[in-house]
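Participant: The structure is given below, and queries will be raised subsequently.
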Amino acid sequence: MSSKVVVIFSGGMDSFTVLHRALKDGKEVYALTFDYGQKHVKEIACASKVCQQLGVAHKVIDISSINQLLAGSSLTDDIDIPEGHYEAESMKSTVVPNRNMILLSLAVGYAVSVEAAQVYYGAHSGDHAIYPDCRPEFVMKMNEVCQIANYQAVEIFSPYLTNSKSDILTDGLKMGLRYDDTWTCYNGRAQACGKCGACQERLEAFADNNVTDPLTYE
């Protein structure tokens, strides 16, 4: 199997850990970040900074025009970001229709072009309640499709699919990672809001690991 892998790297703490997990696994990493028209680009800036520091090949791809088709998400439309835990019904407004299928398809195309055997994808168990395209059955089916969609089979690899965000942070801390250059909050203000589902889950993960989040909160 080729040691080359494509890592979908948003700049958040989960994909940051996945990126380092791939490097720890001895992989030659091609990081791929998408601007899909989200309300802020703080994560993208973090992703670029991290890849530059690590000397990792990195592409930022503007696919924001797809928002002409994908309406109804508070992450991309003029809809207020809900406050509350990920498991709250209101958090369904943060779903971007078919987003991860689109991103994975593009990542697989890139993998074929650079002859990479795998696409590393940071779905985890905390996403399962709200995001259908982060659930194990979705990842399994996408993986099956990506084995036959091209002459070269590409595996969708989700190392933390059945783990919680707390588990992901635990693994990152074991790797000696610092999370200063990651961004999780759905809002793009100077400081993280601490109230959206993404912030709450992040704060829970740091509390579960008895460490202090390096980000500042409103």
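Participant: Note down the net charge around V56, summing +1 for each Lys or Arg and -1 for each Asp or Glu among other residues with Cβ under 11 Å from its Cβ. Can you show the working numbers first?
Facilitator: On the way: positive: K27, K59; negative: E28.
My count for the surroundings of V56 gives +1.
Participant: Give me the dipole magnitude in Debye, nearest 20, for segment 139-212 about the Cα centre, with unit charges on the beta carbon: positive for Lys and Arg, negative for Asp and Glu.
Facilitator: The calculation lands at about 220 debye.
Participant: In what order do Y120, Y160 fall by count of nearby beta-carbon atoms within 10 Å, going from fewest to most? Could the numbers behind the result be given before it?
Facilitator: Working: Y120 27, Y160 22.
The most exposed by this proxy come first: Y160, Y120.
Participant: Suppose every Lys and Arg Cβ carries +1 and every Asp and Glu Cβ carries -1, with no other charges. What dipole size does segment 118-169 come out with about its Cα centre, to the nearest 20 debye?
Facilitator: Working: 3 positive and 6 negative charges, 9 e Å.
For segment 118-169, the charge dipole is close to 40 debye.
Participant: Name the residue farthest towards the positive end of the dipole of segment 101-218 from the options F157, F206, Y186, assuming +1 on Cβ of Lys and Arg, -1 on Cβ of Asp and Glu, about the Cα centre.
Facilitator: Y186
Participant: Do any of K49/K141; K42/K165; K49/K174; K24/K165; K59/K165; K141/K195 go past 24 Å between their Cα atoms, and which?
Facilitator: In this structure, K49/K141; K59/K165; K141/K195 exceed 24 Å between Cα atoms.
Coordinate-derived values only; no laboratory data. Computed from a predicted model, the values in this text were never measured in an experiment. When we count neighbours, we look across all protein chains shown, and the Cβ atoms used for this are built from the backbone with ideal geometry, even at glycine.
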